[in-house]
Amino acid sequence: MPRAKQTMDGNTAAAHVAYAYTDVAAIYPITPSSPMADSVDQWSAAGQKNIFGNQVKVVEMESEAGAAGAVHGSLGAGAVTTTFTASQGLLLMIPNMYKIAAEQLPCVFDVSARTVATQSLNIFGDHSDVMACRQTGFAMLVESSVQEVMDLSPVAHLCAIEGKVPFLNFFDGFRTSHEYQKIEKWDYADLKEMCNMEAVEEFRKKALNPESPKMRGSHENGDVFFQHREACNSVYNALPAVVEKYMAKINAKLGTNYDLFNYYGAADADRVIVAMGSICDVADEVIDYLNAKGEKVGIVKVRLYRPWVSSALLKVLPKTAKKVAVLDRTKEPGSLGEPLYLDVAATLREAGLNDIVLTGGRYGLGSKDTPPSSIFALYKELEKDQPKERFTLGITDDVTFLSLPEVKPAPITAAAGTKECKFWGLGGDGTVGANKNSIKIIGDNTDMYAQAYFDYDSKKSGGVTMSHLRFGHTPIKSTYLIRKANFVACHNPAYIRKYNMVQELVDGGTFLLNCPWDMEGLEKHLPGQVKKFIADHNINFYTIDGVKIGIETGMGPTRINTILQSAFFELTGIIPAEKANELMKAAAKATSSQNQPKKADAKPKKKRFAFLSAVRSEMRRVTWPTKQDVLQWTGVVVLALLFFGVFVTILDDWVVTPILLAISSLSGLGA
């Protein structure tokens, strides 16, 4: 089934589906889930209809606990309800989650999984928040990429309605929630077609109503509480079949093969990883590389984490597997192992698969990047007769020595032909916003796949921002930071002496520096190693004075993001410059209209985009002698010196010496 393509982030994908199946959204903002609630609020205000033909009623509460209470009350009134949260916000909802699950009320909590503060606050991603909820009775569905968020989020909503179990639908905070990808999106007609409207009506008929009173939330003593608590077993036992039913509906529409667990890799793999979340795409790249070299490796991807279905895991685990490594993105101090590891261990034990060597490790806490080098290290560790029973990836543990040594330099595993670009900016200077527009322009106006991820300081405004953009003609699975780029731009000249940014370029790559320096200034301010790298690696080096252009064209000295965005399109040629300029104008106008009152844009239209014509003329290419040039000139000088030496010798032997002898002879005659 063909679907429209659009470039969006994971939060937008989740919100797109949630809006379709929601009567009421009770919200309270918390990073990184806030954009989901914001999108739903904007769409509701704009009059957008859900599949029930209504605008979603959005209610912002005064805390996450209040939002959870509002969800509970709304469900009691017969409204299909959704909320969006993460981290401590999710923990504040736990008391209500127990009640919602036990009362079998159909709702979905969309969670961009985020670190729970421990020794310090961390606003970035891991699974410590969702793992704290696995005992609440919520079913737990997990996605690994932006496309999967779009594809599988309907499963959570549809199964909650028909299966009478609330769902916690989660994906990695920032790495998936804020990553932009060009994806295929659902049409609401297809979402409506899959919805069991009879189940919706049945739920609404059970709403609390004084005309037909019901009792809920009573008090029970020990004589009956246990028995009543066990009565829900049949609902949870039946739920996996409901999930499989709706995954099958989606597979039929999309041609996919989503299941409770999915396996990727060699059919006869002897080393297998079990994981969930964005790390699965990194593993896919490494698996493709290793299997092409004749190795036999694979990964089991968890889709439905709760209820846990052991038979579904055993069905996809290769019979040839000898060693299994389970990856958890959380830490439970003092435990025998982390949650996913313990589930897999119990599954293998109960199945009598005691010959399989099982190991467990942690990765990615607090959004620690997990590049291919970490996955290579794990598969290398599994080659050993006795791999580490417990390990960590991506760090150097010099205290308890659990870390695995990274494979460096790691082979390049990204799809062939993928172009990678990195932008260094200052939080608040508009670099991130401009790059969001850039990736949308590339994704929505070319036939290329596109990906963007933004790595920034938790201070956000005033901190360092690094924008990672990839694009190519094959799907992009590289859910890790760019280490070697085809294009690097430095939007803040102060960074050139603080960070090794040109060293991140491939040979022959392009470096754009925003600075006011002429050639003399560059000689003075650029560190020697930067100039040497540019020369030795044949880097195409350009400078542009964005501040000067901004002042001269009325943009101002600080908001120069669109100027540098134009320079990027000019240098890379991804889109013809004139077309790119028109698309940038449209994107800038749209962004401005969202972020500012209309009266705030008082600049004359012609002057507002006058900078576009100035970029090409103001950009300067800078050249230093390359290593080859130096060698050539050295050769020329050496040859010149040799010829000069030979010439002097000949001159001495054939001219100077005879003259001196003649003079000497004449002097002797005179005497």
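Taking the range 241-265 only, how many residues are open to solvent by less than 20 Å² (accessible area, probe 1.4 Å) and either over 23 Å from ASP284 (Cα atoms) or among the basic types (Lys, Arg) (or both)?
Number of matching residues: 2.
So which residues in the range 61-114 are among the basic types (Lys, Arg) and farther than 23 Å from LEU152 by Cα?
LYS99
Consider LEU191 carefully, then state whether it is modelled with pLDDT of 95 or more, open to solvent by less than 60 Å² (accessible area, probe 1.4 Å), out of contact with any Cys (no Cβ under 7 Å at 6 or more places or on another chain) and aliphatic (A, V, I, L, M).
Criteria met by LEU191.
Do the conditions hold for THR396, that is, is it in a loop (DSSP other than H, G, I, E, B), in contact with a Ser or Thr (Cβ under 6 Å, 6 or more places away or on another chain) and surrounded by fewer than 15 Cβ atoms within 10 Å (Cβ to Cβ)?
yes
Please verify whether LYS57 is open to solvent by 40 Å² or more (accessible area, probe 1.4 Å), under 27 Å from PRO95 (Cα atoms) and not hydrophobic (A, V, I, L, M, F, W, C), treating the condition exactly as stated.
yes
I want to confirm something. Restricting to the range 2-25 and keeping residues that are open to solvent by 30 Å² or more (accessible area, probe 1.4 Å) and in a strand (DSSP E or B), which single residue is nearest to LYS57 (Cα to Cα)?
Filtering first and then ranking leaves GLN6.
Given the conditions (1) under 23 Å from ALA450 (Cβ atoms); (2) aliphatic (A, V, I, L, M); (3) without any contact (Cβ under 8 Å) to a residue 12 or more places away in the chain, and given that ILE551 satisfies all but one, which numbered condition is not satisfied?
So ILE551 meets the others, but not (1).
Are there any helices (runs of 4 or more DSSP H) wholly within the range 303-384 with 1 or more residues that are more than 23 Å from ALA241 (Cα to Cα) and among the β-branched types (Val, Ile, Thr), and if so which?
Here the list reads 372-381.
Are any residues in the range 134-154 in contact with a strand residue (DSSP E or B) (Cβ under 8 Å, 6 or more places away or on another chain) and closer than 19 Å to PHE52 by Cβ, and if so, which ones?
SER153
In the range 399-411, how many are in contact with a strand residue (DSSP E or B) (Cβ under 8 Å, 6 or more places away or on another chain) and surrounded by 17 or more Cβ atoms within 10 Å (Cβ to Cβ)?
Of the residues in the range 399-411, 2 are in contact with a strand residue (DSSP E or B) (Cβ under 8 Å, 6 or more places away or on another chain) and surrounded by 17 or more Cβ atoms within 10 Å (Cβ to Cβ).
Under 9 Å between Cβ atoms, which residue pairs at least 6 apart in sequence (or on different chains) link something in the range 332-347 that is farther than 22 Å from THR115 by Cβ with a partner that is at pLDDT 95 or above and β-branched (Val, Ile, Thr)?
VAL344/VAL274; VAL344/VAL300; VAL344/VAL324; VAL344/VAL326; ALA345/VAL326
For the range 414-425, give me each residue that is among the basic types (Lys, Arg) and surrounded by fewer than 22 Cβ atoms within 10 Å (Cβ to Cβ).
The answer is LYS419, and nothing else.
Being open to solvent by less than 50 Å² (accessible area, probe 1.4 Å) and touching a residue at least 60 places away in the same chain (Cβ under 8 Å) is the filter here, so list the residues in the range 307-331 that pass it.
If the condition is that a residue be open to solvent by less than 50 Å² (accessible area, probe 1.4 Å) and touching a residue at least 60 places away in the same chain (Cβ under 8 Å), then PRO307, VAL309, ALA312, LYS323, ALA325, LEU327, ASP328, ARG329, THR330 are the ones that fit.
Quick one: GLY277 ticks every box in (1) open to solvent by 30 Å² or more (accessible area, probe 1.4 Å); (2) on the phi > 0 side of the Ramachandran plot except a single one, so which number is it?
Single failed check for GLY277: (1).
If I go through the range 426-441 residue by residue, how many of them are surrounded by fewer than 21 Cβ atoms within 10 Å (Cβ to Cβ) and without any contact (Cβ under 8 Å) to a residue 40 or more places away in the chain?
Of the residues in that region, 2 qualify.
Please verify whether the range 152-173 includes one or more residues that are more than 24 Å from VAL24 (Cα to Cα), at pLDDT 95 or above and either in contact with a Pro (Cβ under 9 Å, 6 or more places away or on another chain) or aliphatic (A, V, I, L, M) (or both).
No, every residue in the range 152-173 fails to be more than 24 Å from VAL24 (Cα to Cα), at pLDDT 95 or above and either in contact with a Pro (Cβ under 9 Å, 6 or more places away or on another chain) or aliphatic (A, V, I, L, M) (or both).
In the range 200-293, which helices (runs of 4 or more DSSP H) lie fully inside it and hold 1 or more residues that are aliphatic (A, V, I, L, M)?
Answer list for the range 200-293: 233-254, 279-292.
Name every residue in the range 122-146 that is open to solvent by 10 Å² or more (accessible area, probe 1.4 Å) and either without any contact (Cβ under 8 Å) to a residue 60 or more places away in the chain or under 21 Å from LYS301 (Cα atoms) (or both), in order of residue number.
Within the range 122-146, SER128, ALA132, ARG134, GLN135, SER145 meet the criteria.
Any idea which of VAL108, VAL149 is surrounded by 24 or more Cβ atoms within 10 Å (Cβ to Cβ) and assigned to a helix (DSSP H, G or I)?
Selected residue: VAL149, the only one of VAL108, VAL149 that is surrounded by 24 or more Cβ atoms within 10 Å (Cβ to Cβ) and assigned to a helix (DSSP H, G or I).
Given the conditions (1) at pLDDT below 95; (2) out of contact with any strand residue (DSSP E or B) (no Cβ under 7 Å at 6 or more places or on another chain); (3) within 21 Å of ALA452 (Cα to Cα), report the number of the one that TYR480 does not fulfil.
(1)
Yes or no: the range 520-537 includes at least one residue that is in a strand (DSSP E or B) and either at pLDDT 95 or above or under 31 Å from the mean Cα position of the chain (by Cα) (or both).
no
Pull up the range 367-393, narrow it to residues that are open to solvent by 20 Å² or more (accessible area, probe 1.4 Å) and under 19 Å from the mean Cα position of the chain (by Cα), then point me to the one that is farthest from ASN122 (Cα to Cα).
ASP369
Only one residue in LEU505, LEU481 is of a type in the set (A, V, I, L, M, F, W, C), open to solvent by 10 Å² or more (accessible area, probe 1.4 Å) and within 22 Å of the chain's Cα centre (by Cα). Which one?
None of the other options fit; the residue is LEU481.
The values are calculated or read from the model by the stated rules, or taken from the named source; none is laboratory data. On a predicted model such as this, the values are computed, not experimentally measured, just so you know. Reconstructed Cβ throughout: ideal geometry from the backbone, glycine too, with neighbour counts over all protein chains shown. All accessible areas refer to the heavy atoms of the entire protein, side chains included, with ligands and DNA or RNA removed. Shrake-Rupley method; radii C 1.70, N 1.55, O 1.52, S 1.80 Å.
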